[in-house]
1. Cβ contacts < 8 Å: first residue β-branched (Val, Ile, Thr), restricted to the stretch 69-81; second residue assigned to a strand (DSSP E or B) and surrounded by 16 or more Cβ atoms within 10 Å (Cβ to Cβ), any location; separation 6+ or different chain. Result?
2. Determine whether the stretch 198-206 contains at least one residue that is surrounded by 23 or more Cβ atoms within 10 Å (Cβ to Cβ), charged (D, E, K, R), within 16 Å of the ligand (Cβ to nearest atom) and assigned to a loop (DSSP other than H, G, I, E, B).
3. Please go through the stretch 106-125 and give me each residue that is over 25 Å from the mean Cα position of the chain (by Cα), closer than 26 Å to His78 by Cα and either without any contact (Cβ under 8 Å) to a residue 40 or more places away in the chain or surrounded by 19 or more Cβ atoms within 10 Å (Cβ to Cβ) (or both), ordered by number.
4. Which strands (runs of 3 or more DSSP E) sit wholly inside the stretch 50-154 and have at least 2 residues that are of a type outside the set (A, V, I, L, M)?
5. Across the stretch 468-511, which residue is farthest from Ile234 (Cα to Cα) among those that are more than 16 Å from the ligand (Cβ to nearest atom) and of a type in the set (Phe, Trp, Tyr)?
6. Looking at the stretch 268-287, can you tell me whether even one residue there is acidic (Asp, Glu), at pLDDT 95 or above and either under 30 Å from Leu386 (Cβ atoms) or assigned to a loop (DSSP other than H, G, I, E, B) (or both)?
7. Which one of these is surrounded by fewer than 17 Cβ atoms within 10 Å (Cβ to Cβ) and assigned to a loop (DSSP other than H, G, I, E, B): Glu356, Glu317?
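The values are calculated or read from the model by the stated rules, or taken from the named source; none is laboratory data. None of the values given here were measured: they were computed from a predicted structure. Note: ideal-geometry Cβ built from the backbone for every residue, glycine included; neighbour counts use all protein chains shown.
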Amino acid sequence: MVNEYFQKKANEFKRELKHSKVYPANVVKIEEDSASFQNLKVIPVSKFSLPFVLKAGESIILDFGCHNVGYLNFSAGHDASTKITSSVIKLKFHFGEFPLEITKPASEYKGTLGNGWIQDDIKSFVFTPYTGSLERRYAFRYVKIERVDSGFYPLVITDMYSDSVSAVDIDNCEKISIPDEMLRKIYDISLMTLKECEQDVFEDGPKRDRRLWLGDLRLQALTDYVTFKNPDLIKRCLYLFAAYHKKNGFAASYLYQNSPPYIDDENGWHILEYSMYYVSCLYDYLRANADDIAFVEELFDFAMAQMKGCADRFDEESGNFVPLAPFIEWCPGLDGSCALLGIYIYTLKQLRYICEVLGKETDFADNEINRASKALKALYSEEKGLFVTQKGQVSMHSQIWAVLSGILDNETNVKLLERIEADNMEKTIHTPYMKHFHIEALYECGLKERAMEVIKEYWGKIVEAGFDCCPEVFNVDDDFESPYKAPEVNSACHAWSCTPAYWIYRYYNEQ
Ligand code: RAM
């Protein structure tokens with residue numbers, strides 16, 4: 001379904017991207033090393049310099065020194081002694097955000113996602129001198145270039161750089177003082193992550209899926225308000241979801257910014273809590289831009305429709321949403337029903353706040369908060385002192401979302417958060433995305449110091465693993481964890497993992 005008014009508004013907020021020219025830093029080699037992340041170590045061989053020569057069959061690995069989202073440009077010519085290139089040149093490029101992407105042959109890919117996500121490319125050209133670029137935009141730090149033709153003459157690469165793009169510029173971001181060295185590093189990789197993902201829309205990951213996801217957008221926007229301060233992009237994205245929505249009135253969980261019809265209404269994956277997060281997006285916008293009520297008013301009905309749709313699916317009798325469609329996070333075998341109730345109450349309270357500010361009735365929100373709170377309370381086991389799903393599962397997710405729902409007193413909340421760390425729970429956190437909500441729960445209960453420690457314990461390991469951005473998935477006990485059964489296709493720069501920048505900002509700037 002297309003709403004032309006919102007479509008027009010979304011286009012009004014479209015902006016030109018900023019470009020920068022980035023040259024490789026080093027020529028490197030990648031070696032096996034059991035002490036390194038994924039058992040691979042990058043070793044510098046020499047400083048990168050131009051020109052460099054590639055003979056048939058030769059290859060080179062370049063390290064750009066940091067993560068880039070851009071287009072590879074290069075110029076090539078022939079060796080002075082050869083004078084002319086007498087047959088076609090073929091260069092194979094293999095881009096990687098992390099070393100495993102470079103070392104794992106594309107032919108061995110067996111993941112559940114399409115193999116098109118593997119970042120390889122081929123370019124052939126007939127005459128030299130040649131200047132050109134690869135059409136596809138890549139997300140990378142490393143690129144391996146192989147000369148795959150068998151021509152006898154050496155090829156001379158005379159220029160090579162990335163035309164890197166982003167909607168924002170790190171140098172324009174307000175500098176904040178972060179005395180703790182590890183928190184500083186974590187802040188920097190978080191900021192870098194957000195920058196790389198701010199493109200024509202907030203992409204979830206510039207390598208994959210390169211599209212706008214509602215759950216990711218919510219956390220990106222939250223972090224953007226205290227870092228890059230790019231409300232135009234946030235508005236554009238919120239208008240886009242209202243412009244291209246599902247026939248049943250729900251916001252799509254994700255949107256393809258460049259591929260009409262923009263959403264996959266029939267077959268697309270609908271994550272129920274992502275629809276609820278549309279309200280969170282408006283709530284956060286209002287908190288950060290109290291003077292721009294008009295924008296929130298414009299989108300209020302659409303936000304309300306999300307919650308009404310959820311209310312229709314909420315069956316009081318069973319205490320469940322029918323059909324149940326939560327995601328919660330990438331945790332295999334997770335029963336997300338309890339967490340979903342927590343999210344429902346959390347977002348209803350945000351809706352209630354919006355209604356109050358806009359001077360609208362709060363009856364709907366109040367009524368739903370009551371219905372859902374009853375269902376959530378019924379999952380609390382007095383005996384265990386924990387939330388247990390109807391299927392009998394105890395997860396960190398259920399406890400965290402019960403805390404965030406705000407239905408308990410602070411003392412019980414704190415106990416639940418202590419149990420999360422002390423107990424060996426059946427289901428644990430697998431992504432930085434879910435870690436965000438753990439941090440939020442700690443913060444809400446006044447445990448700010450512990451929140452910072454958890455950030456250091458988790459994202460600190462990400463820094464130590466050598467990431468220069470925050471990855472989509474990170475399991476401290478398993479370097480090869482992948483929701484797609486192929487770690488090489490994991491995204492190493494994933495926006496939903498960037499929120500330490502938000503928490504660290506708050507920690508140092510709030511009383
Ligand atoms: C992954 C995407 C995205 C997330 C969904 C649910 O496939 O990368 O970030 O929102 O999962």
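1. Matching pairs, first to second residue: Val69/Tyr138; Val69/Ala139; Val69/Ser164; Val69/Val165; Val69/Ser166.
2. yes
3. Across the stretch 106-125, the qualifying residues are Ile122, Lys123, Ser124.
4. Details: elements: 52-54, 59-78, 89-96, 120-125, 130-133, 138-147.
So the answer is 59-78, 89-96, 120-125, 130-133, 138-147.
5. If we filter the stretch 468-511 for residues that are more than 16 Å from the ligand (Cβ to nearest atom), which is where we start, we get 468, 476-480, 500-511.
Going one step further and asking which of them are of a type in the set (Phe, Trp, Tyr), we end up with 480, 502-503, 505, 507-508.
Values: Phe480: 33, Tyr502: 16, Trp503: 19, Tyr505: 19, Tyr507: 24, Tyr508: 25 Å.
Among those that are more than 16 Å from the ligand (Cβ to nearest atom) and of a type in the set (Phe, Trp, Tyr), it is Phe480.
6. Yes, the stretch 268-287 contains at least one residue that is acidic (Asp, Glu), at pLDDT 95 or above and either under 30 Å from Leu386 (Cβ atoms) or assigned to a loop (DSSP other than H, G, I, E, B) (or both).
7. Step by step, each of Glu356, Glu317 is checked, and only Glu317 is surrounded by fewer than 17 Cβ atoms within 10 Å (Cβ to Cβ) and assigned to a loop (DSSP other than H, G, I, E, B).
Quick grid of which residues meet (1) more than 20 Å from Pro471 (Cβ to Cβ); (2) at pLDDT below 95:
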| residue | (1), (2) |
| --- | --- |
| Gly151 | yes, yes |
| Ile157 | yes, no |
| Tyr161 | yes, no |
| Asp180 | yes, no |
| Lys185 | no, no |
| Gln199 | no, no |
| Gly205 | no, no |
| Leu222 | no, no |
| Tyr239 | yes, no |
